[in-house]
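The values are calculated or read from the model by the stated rules, or taken from the named source; none is laboratory data. Every value quoted in this text rests on a predicted model; they were computed, and no experiment measured them. Please note: Cβ atoms are built from the backbone with ideal geometry, for glycine as well, and neighbour counts cover all protein chains shown. For the accessible areas, the whole protein counts, side chains as well, though only heavy atoms, and no ligand, DNA or RNA atoms are used. Shrake-Rupley method; radii C 1.70, N 1.55, O 1.52, S 1.80 Å.
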Amino acid sequence: MNLVTNPGSRLRIIALGYIVRWPLGGMVWSNLHFLMGLRDLGHEVYYLEDSDDYASCYDPARCLTDTSPAYGLSFAAKVLGRLGFGEHWAFHDAHTSTWHGPLAGKARSIAASADLVLNLACANPLRPWLQDIPKRVYLDEDPAFTQLRLLSDKQALQRALEHNCFATFGENIPRGTALLPEDGLPWVEARQPVYLPAVPVAAPEPAGKFTTVMQWQSYRTLEREGVRYGVKAESFEPLLDLPDATGPVFELALGGPGAPRGLLRRKGWGLVNPLPLSHDPWTYEAFIRQSKAEFGLAKEGYVVANTGWFSERSACYLAMGRPVLAQETGFSEWLKSSGGVVPFITREQAAAGVQEISARYPEHCCAARAVAEEFFDSRKVLPRLIEAVFRSAPVHA
């Protein structure tokens with residue numbers, strides 16, 4: 001086992017993600033920027049993924065989720081190959097006890113000498129071949145909901161405690177300003193990295209729409225100690241009449257069978273099918289590029305818990321020079337900006353934010369890229385994360 005202790009060393013890093021199981025452009029975009037950013041820093045980077053033990057493979061061509069990884073394997077080969085990782089990935093299918101991908105026969109030996117495993121979005125089980133890696137990072141991209149599940153679900157907690165480092169996109173949790181029950185884990189701050197050379201600034205689109213890509217209801221609302229932690233459907237309710245104050249300036253790429261599409265259209269919200277634009281990371285980026293700005297809605301749970309979460313999707317908009325009208329989750333505690341990001345809490349503030357971005361659109365576009373460079377540049381974000389991981393005291397089950 002490699003016992004590297006210096007975070008400045010060249011590390012052998014395994015990233016675990018969800019490229020095969022969720023082969024949609026917006027879903028995998030964040031995974032890819034971790035991979036590209038870590039490689040850019042000089043690390044030896046491999047991508048592994050596991051089917052888990054339930055039916056988890058989504059196939060957008062068949063519009064269903066089952067145990068077949070066929071679509072996702074083809075998608076991963078295309079996407080990872082285009083980015084120079086074509087020989088650096090493998091997929092473990094627990095349902096058939098088989099490995100797929102170029103590293104199918106080498107994955108276990110690579111894991112045996114890895115220094116760090118980064119479990120993105122806590123999306124993969126730590127199989128036995130990963131459990132001796134010195135630094136095993138549980139990276140929470142769904143703050144509040146992750147912590148609440150760990151408090152209520154013993155199996156989820158046991159799975160988490162197979163890791164020995166804990167990082168979260170809810171930056172206010174380690175800062176001590178989040179409004180959540182204490183879970184006893186030593187969380188450190190994490191943030192979505194953007195490998196900026198891969199995301200060039202796009203020309204402004206003043207005639208475009210305020211857009212976003214969103215899922216109406218990802219899962220059920222959680223409740224603890226009398227506090228409700230809802231999803232985006234709950235966040236949207238107070239904003240339903242927003243187009244009355246702004247005009248028809250919004251376009252939502254809206255997923256979810258339970259979304260009230262007829263009502264939304266009657267209220268002035270433009271809707272588009274998210275599947276075509278999510279075909280791959282580049283169609284996803286093209287949708288963002290033709291937008292004027294983002295209307296960044298957060299899950300209600302992120303808001304009521306003051307998590308400080310900031311969307312990886314919003315980071316992509318900023319990198320392209322697209323301003324973001326962002327629902328406040330407490331991120332203003334660490335993201336200090338005079339432009340590019342316009343936070344809102346109320347419907348009235350959201351309407352004023354639309355007016356502000358439109359009135360000073362060129363300035364906000366310039367500021368958006370500057371915010372991406374200051375707060376989300378992978379050359380800043382990832383070294384800070386690795387240093388925090390090596391500095392944190394390991395946790396053992």
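The residue list Ala253, Ala259, Ala233, Ala202 contains one member that is part of a loop (DSSP other than H, G, I, E, B), out of contact with any Gly (no Cβ under 7 Å at 6 or more places or on another chain), aliphatic (A, V, I, L, M) and closer than 30 Å to Trp282 by Cβ, which is Ala259. Of the residues examined, Arg224 is not one that is among the charged types (D, E, K, R) and modelled with pLDDT of 95 or more.
Residues are listed down the side, and each one gets a yes or a no for (1) over 21 Å from Leu139 (Cβ atoms); (2) touching a strand residue (DSSP E or B) at 6+ places or on another chain (Cβ under 7 Å); (3) part of a helix (DSSP H, G or I); (4) aliphatic (A, V, I, L, M):
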site	(1), (2), (3), (4)
Ser9	no, no, no, no
Arg21	no, yes, no, no
Asn31	no, yes, yes, no
Tyr46	no, yes, no, no
Asp52	no, no, no, no
Thr65	yes, yes, no, no
Gly72	no, yes, yes, no
Val79	no, no, yes, yes
Ala90	no, yes, no, yes
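Selection within region 248-258: residues that are touching a helix residue (DSSP H, G or I) at 6+ places or on another chain (Cβ under 9 Å) and modelled with pLDDT of 95 or more. The member of this set that is most open to solvent (accessible area, probe 1.4 Å) is Val249. Of all the listed residues (Arg175, Arg220, Arg191), the sole one being more than 30 Å from Arg391 (Cα to Cα) and among the basic types (Lys, Arg) is Arg220.
Which one is nearest to the chain's Cα centre (by Cα), of the residues in region 240-295 that are of a type in the set (Lys, Arg) and over 17 Å from Arg322 (Cβ atoms)? The residue in question is Arg261. Being surrounded by 14 or more Cβ atoms within 10 Å (Cβ to Cβ) and out of contact with any Gly (no Cβ under 7 Å at 6 or more places or on another chain): is that true of Gly226 here? So Gly226 fails the test.
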